[in-house]
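Step one of this worksheet: look at the structure below.
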Amino acid sequence: MRLLDACARKPVDATPVWLMRQAGRYLPEYRAIREKMSFVEMCRRPDVAAEVTLQPLRRFELDAAIVFADILLPLEPMGIGFHFSKDDGPVIERPIRRARDLEGVHSIDAASDLQYVMDTIKLVRHELDATIPLIGFSGAPFTLASYIVEGGHSRNYAHVKKMMYEDPVTFGRLMSVISEVVVDYLKAQIAAGAQVVQLFDSWVGWLGPFDYELLVLPHVRYVIDHVKGLGAPVIYFGNGASAMLDLVGKAGADVYGVDWRIELDRAWDQLGDVAVQGNLDPITLLGPPKAIEERVADVVRRAGGRPGHIFNLGHGLIPQVPPDNVKYLVDAVHRLSAAPI
Ligand code: CP3
């Protein structure tokens, strides 16, 4: 399997490609289901979630599926209520801002508390072509903490940073509980059949290197240490973190996701002897085929035929993308990487 071979830095016949948020609103067949139920309901119905996971694989020659779920799903069993509002995205009902807010927040038993995710994984594995691996995922500790403390989207991460500076003990306790949850959640996904797992650290790029190294990286390392060696390679994606890849690269992952703010070869030089995933600007997919082609070719050229490249976007695909452009991109990755460089 191309993706698993690339994770192990073995040679492949063409660069494997999958796309963060490859399932979702840009697909009319997704919107048709979404009209009938809420997003969280879709996640909780394994038959629906499995169907939506497979939708992009029917259209495009993707080299991996990623289970349809969300990084926020573990919050509810932890005792942290949330919902998705129509305009503002996720809303945490009672954000955690001080020590006493942590009372009642607890670890989970993912296999039973999030059984619907495990059932989705089993269903997808059953229905998916055996040559295509399935990726499981979780939010990384800081990204989950930032939602839990900020209460939703944030412009400057003021609440979570204030907690880090003012009450590092409470912040550390929150990060530790989250880390336990993430370990348990990823282990359960691997046991259910996920063949690769990705940790999404979507908002870690808003931290400076000092805070990242002191207060966040040890928790990322803890999670990866406890999940590695279970037979599923671990991908760690730090969005916006391209200015501190020297630190990110200490997380212990098998594969590092790279955003589009740095050239792939420069990122790879900093990360060293690991596999690397990325790193096309997701907005490229709004451009015409010629523009997509040029930028795919640049990423492939910078990978330079080194084993261990997984092609992806530098962050998630947005709902406005025309599906035909995704097809063009996926085919271009295979065509350009199979040709001699
Ligand atoms: O990649 C995939 O195809 C698998 C599914 C997936 C979703 N969310 C589905 C989703 C994955 C891997 C995620 C991860 C996720 N969720 C992240 C990390 C990746 C990233 O983008 O940085 C984050 C930060 C979230 C939190 C989240 N979920 C937000 C902020 C939102 C609302 C914003 C938005 O795009 O509407 C969601 C909702 C969400 N998660 C949707 C999907 C398809 C849209 C739901 C809808 O149909 O209304």
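The values are calculated or read from the model by the stated rules, or taken from the named source; none is laboratory data. Nothing here was measured: the structure is a model prediction, and the numbers come from that model. Ideal geometry is used to build each Cβ from the backbone, glycine not excepted, and the neighbour counts take in all protein chains shown. Please note that ligands, DNA and RNA were not included when accessible areas were found on the heavy atoms of the full protein model with its side chains. Shrake-Rupley method; radii C 1.70, N 1.55, O 1.52, S 1.80 Å.
The residues on offer are Ala8, Ala23, and the sole one that is within 20 Å of the chain's Cα centre (by Cα), open to solvent by 10 Å² or more (accessible area, probe 1.4 Å), away from the ligand (no atom under 14 Å from the Cβ) and of a type in the set (A, V, I, L, M, F, W, C) is Ala8. Assessment of the stretch 41-61 against the conditions (open to solvent by 20 Å² or more (accessible area, probe 1.4 Å) and near the ligand (Cβ under 9 Å from one of its atoms)) yields no matching residue. In the set (1) within 21 Å of Tyr116 (Cα to Cα); (2) open to solvent by less than 10 Å² (accessible area, probe 1.4 Å); (3) of a type outside the set (D, E, K, R), Trp18 fails one condition alone, (1). When residues in the stretch 93-114 are screened for being in contact (Cβ under 8 Å) with a residue 40 or more places away in the chain and assigned to a loop (DSSP other than H, G, I, E, B), 10 of them pass.
When the stretch 141-162 is filtered for residues that are in contact with a helix residue (DSSP H, G or I) (Cβ under 6 Å, 6 or more places away or on another chain) and either open to solvent by less than 10 Å² (accessible area, probe 1.4 Å) or closer than 30 Å to Gly229 by Cα (or both), the ones remaining, listed by number, are Pro141, Phe142, Leu144, Ala145, Ser146, Val149, Val160.
Kindly indicate which of Gly252, Gly208, Gly229 is modelled with pLDDT under 95 and out of contact with any Leu (no Cβ under 9 Å at 6 or more places or on another chain). After applying the criteria, what remains is Gly229. Number of residues in the stretch 62-83 that are within 10 Å of the ligand (Cβ to nearest atom), of a type outside the set (Asp, Glu), in a loop (DSSP other than H, G, I, E, B) and open to solvent by 10 Å² or more (accessible area, probe 1.4 Å): the value is 3.
Look at (1) open to solvent by less than 50 Å² (accessible area, probe 1.4 Å); (2) touching a residue at least 24 places away in the same chain (Cβ under 8 Å); (3) within 12 Å of the ligand (Cβ to nearest atom) and you find that Ile33 fails only one, number (2). Per this entry, Pro90 is not counted among residues that are open to solvent by 10 Å² or more (accessible area, probe 1.4 Å), in a loop (DSSP other than H, G, I, E, B), within 16 Å of the ligand (Cβ to nearest atom) and not hydroxyl-bearing (Ser, Thr, Tyr). In this structure, Pro56 does not qualify as farther than 28 Å from Val321 by Cβ and in a helix (DSSP H, G or I).
In a residue-by-residue description of the stretch 47-55, the property of being among the hydroxyl-bearing types (Ser, Thr, Tyr) and closer than 30 Å to Ala14 by Cα applies to at least one position.
The set of residues in the stretch 216-236 that are touching a residue at least 60 places away in the same chain (Cβ under 8 Å) and either of a type in the set (Gly, Ala, Ser) or within 17 Å of Gly139 (Cβ to Cβ) (or both) comprises Val216, His219, Val220, Val223, Ala232, Ile235, Tyr236.
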